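Notes for the one structure printed next.
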Amino acid sequence: MKLQTLKSDERYSFYQTFVEYGGVKQKWVLLLSHQIKEKKEKTLRTKLEKEVEKADNVFKKLNGEDFFCENDALKAAEEWIADFPSIVFEKVDLKAIKKRESGKRGRPSKDEKLKTYYGIDGSIKVNAAFVLKEMEKMGLFILASNDISLSPEDMLKFLLKIC
């Protein structure tokens, strides 16, 4: 879809189409406000920085957890990533951790049995596809009219008058 710049106001770009809805022919104009888009993108970047910081802290806690089997570790990683749609794993690995059954610290003796636990090791990054999808929608709004003779400029002027 190719947006055209409004001749009367360069802060906006538009795309227009004609549709029949409920038996009534209508003109729909998709408008993009460049100012609103810039403002919302700045807000999104700030929100992403905070979310990445929060996700990083929570991921560090997840890295420190021990799981009884590989499936539990993978399931925990999947549940964690579902909570942060703007984050993806850059890499994720399972690591086997051997610990003393008694829970004591220190070096185990040669014949002491060790219990195997599993942990998550990896790194995260911003989900670029999510960010692009969010940014595509920013600053867009639709004006619709059953007066198909109105130009996009006139429709925008009318909207700005009533706001």
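The values are calculated or read from the model by the stated rules, or taken from the named source; none is laboratory data. All values reported here derive from a predicted model rather than from experimental measurement. Because the Cβ atoms are built from the backbone with ideal geometry, glycine has one as well, and the counts that use them run over all protein chains shown.
Identify, please: which residue in region 70-112 is of a type in the set (S, T, N, Q) and modelled with pLDDT of 85 or more and is, among those, nearest to K125 (Cα to Cα)? Spell out how you get there, then give the answer.
Of region 70-112, the ones of a type in the set (S, T, N, Q) are 71, 86, 102, 109.
Adding the requirement that they be modelled with pLDDT of 85 or more leaves 71, 86.
Values: N71: 23, S86: 9 Å.
The qualifying residue nearest to K125 (Cα to Cα) is S86.
Give region 29-62 a look and list any residue that's of a type in the set (S, T, Y) and assigned to a helix (DSSP H, G or I), or say none.
Initially, region 29-62 is screened for residues of a type in the set (S, T, Y), giving 33, 43, 46.
Once the filter is applied, which keeps residues that are of a type in the set (S, T, Y) and assigned to a helix (DSSP H, G or I), region 29-62 yields T43, T46.
Return the residues of region 63-75 that are crowded, with 16+ Cβ neighbours inside 10 Å and either assigned to a helix (DSSP H, G or I) or free of Cβ contacts under 8 Å to residues at least 24 places away in the same chain (or both); say none if nothing qualifies.
Step one: list which residues in region 63-75 are crowded, with 16+ Cβ neighbours inside 10 Å, which gives 67, 73.
Of everything in region 63-75, just one residue is crowded, with 16+ Cβ neighbours inside 10 Å and either assigned to a helix (DSSP H, G or I) or free of Cβ contacts under 8 Å to residues at least 24 places away in the same chain (or both), namely A73.
Identify, please: which residue in region 76-88 is of a type in the set (A, V, I, L, M, F, W, C) and closer than 21 Å to L44 by Cα and is, among those, surrounded by the fewest Cβ atoms within 10 Å (Cβ to Cβ)? If you could, list the steps in order and put the result at the bottom.
Taking region 76-88 as the starting set, the residues that turn out to be of a type in the set (A, V, I, L, M, F, W, C) are 76-77, 80-82, 84, 87-88.
Next cut, closer than 21 Å to L44 by Cα only: 81-82, 84, 87-88.
On the way: I81: 18, A82: 8, F84: 18, I87: 22, V88: 15.
Here the answer is A82.
Looking only at residues that are charged (D, E, K, R) and surrounded by 13 or more Cβ atoms within 10 Å (Cβ to Cβ) in region 89-120, which one is farthest from F67 (Cα to Cα)? Write out each step before concluding.
At the first step, the residues of region 89-120 found to be charged (D, E, K, R) are 90-91, 93, 95, 98-101, 104-105, 107, 110-113, 115.
Among the residues that remain, those that are also surrounded by 13 or more Cβ atoms within 10 Å (Cβ to Cβ) are: 99-100, 115.
Numbers: K99: 12, R100: 15, K115: 11 Å.
Checked region 89-120; the qualifying residue farthest from F67 (Cα to Cα) is R100.
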